[in-house]
Amino acid sequence: MRLPILAMIGSGQQSGGAITVFVLQIAAFIAIFYFILIRPQRQQQKRHDAMLKQIKRGDAVVTSGGVVGEVVHVKDDLVTIKSAESRLVIERRAIARITTATAQEPATT
């Protein structure tokens, strides 16, 4: 029984290179996840936050629930939108995107 244990102890010097390769593989795996998943998601979140700060009256928006409407009133974290004949008060973070902005009217030539 002691023979396999001695064999494992003796091979410890040879497995030093294998441990280094393993650590490098794990580091590469973490770097790939960071640059492919985490970093782009953070950049997208920053762009979305900047978009939410620029919401103003007259913007056409789409909520995360799919409601399409026009911004009527903005107050702190609450936004009132008009959709068809109803007015809805929603939280600013519930807005998924701005479809048209009043300041970004297309130029006619």
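Filtering the range 54-91 to residues that are among the charged types (D, E, K, R), touching an Asp or Glu at 6+ places or on another chain (Cβ under 8 Å), outside any strand (DSSP E or B) and exposed (fewer than 15 other Cβ atoms within 10 Å of the Cβ) leaves only Asp77. Within the range 78-99, can you find the residues that are under 12 Å from Val62 (Cα atoms) and polar (S, T, N, Q)? Result: Ser83, Thr99. Among the residues of the range 67-85, those that are within 23 Å of the chain's Cα centre (by Cα) and aliphatic (A, V, I, L, M) comprise Val67, Val68, Leu78, Val79.
Read-outs throughout are calculated quantities, based only on the coordinates presented, and are distinct from any laboratory measurement. What you are looking at is a predicted structure, and each value in this text was computed from that prediction instead of being measured. We place every Cβ from the backbone using ideal geometry, glycine too, and count neighbours over all the protein chains shown.
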